[in-house]
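The values are calculated or read from the model by the stated rules, or taken from the named source; none is laboratory data. Being a predicted model, the structure only gives us computed values, none of them experimental. Heads up, the Cβs are rebuilt from the backbone with ideal geometry, glycines too, and the neighbour counts pull from every protein chain shown.
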Amino acid sequence: MHTRARILVVAATDKELAAPDGWLTLRCGVGPVDAAAATAAAIARHQPAAILHVGIAGARRHRALAPATIVIGREARYHDLGVPPEWAPRIVRPSPALLQAAHAALPAALVLPIGTSGRVGGTVSGADADADADADIACDVEAMEGFAVLRAAQLAGIPALEVRAISNDIEEHDRARWHFAAAFAAITAITPSLVQAFVESLEAHALAGRHE
């Protein structure tokens, strides 16, 4: 099977999913529980070569990130699990090869940790990190599924990466002031380039492996 057909693009909603061009798509649902379950089921069914998790996100106001700013996830950090990290992981790191490929494809994108929480404002801000017991997972970009998707991929041994477009300040409670349309347009516009970058990265590593 061609490598492109084995890239699974995962998003919470249909509006965050670009129309597939030879790749697989999954609408995993909103929040970490549905996202983890749906991703695990899709992995078992399709056995993808890699997973690209895309969507929109909020950012802390003090970061002053403009709507539609693209953020590549350096780590996925889970904020809803109030147990010691030795009991269960709260940080998942993406595939280094996919991270490098995405950054090469989108050199203007920011590379930052992205927090996962089942509620808006549920993450710990980096600005409060020094005073918070959860300083190790503090971050200024927040979404609802990233850790779940990347953790399901990690458990299955599938390389994965999260990429988001900023839609709002986390502190803005009036959702009429969120820039949904700009963020949806931004994330769907870059998805084809990211899929192609994944394909090239996977094929380059496969070729290198054959020559070793």
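Tabulated data
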| item | result |
| --- | --- |
| Condition met for Ala127 (at pLDDT below 95 and on the phi > 0 side of the Ramachandran plot) | no |
| Condition met for Arg61 (over 30 Å from Glu203 (Cβ atoms) and buried (at least 20 other Cβ atoms within 10 Å of the Cβ)) | no |
| Count - residues of the stretch 66-87 that are out of contact with any Pro (no Cβ under 8 Å at 6 or more places or on another chain) and over 19 Å from Glu16 (Cα atoms) | 8 |
| Boolean, Ala108 is of a type in the set (A, V, I, L, M), surrounded by 23 or more Cβ atoms within 10 Å (Cβ to Cβ) and either more than 19 Å from Ala42 (Cβ to Cβ) or over 17 Å from the mean Cα position of the chain (by Cα) (or both) | no |
| Out of Thr25, Thr13, sole residue that is touching a Leu at 6+ places or on another chain (Cβ under 6 Å) and not hydrophobic (A, V, I, L, M, F, W, C) | Thr25 |
| Residues of the stretch 86-118 satisfying the condition of being among the charged types (D, E, K, R) and modelled with pLDDT under 95 | Glu86, Arg90 |
| Flag for Arg90 being charged (D, E, K, R), crowded, with 18+ Cβ neighbours inside 10 Å, farther than 22 Å from Gln196 by Cα and touching a helix residue (DSSP H, G or I) at 6+ places or on another chain (Cβ under 6 Å) | yes |
| Members of the stretch 150-178 that are under 18 Å from the mean Cα position of the chain (by Cα) and free of Cβ contacts under 8 Å to residues at least 40 places away in the same chain | Gly157 |
| Of the criteria (1) surrounded by 15 or more Cβ atoms within 10 Å (Cβ to Cβ); (2) at pLDDT 95 or above, which one Ala44 fails | (1) |
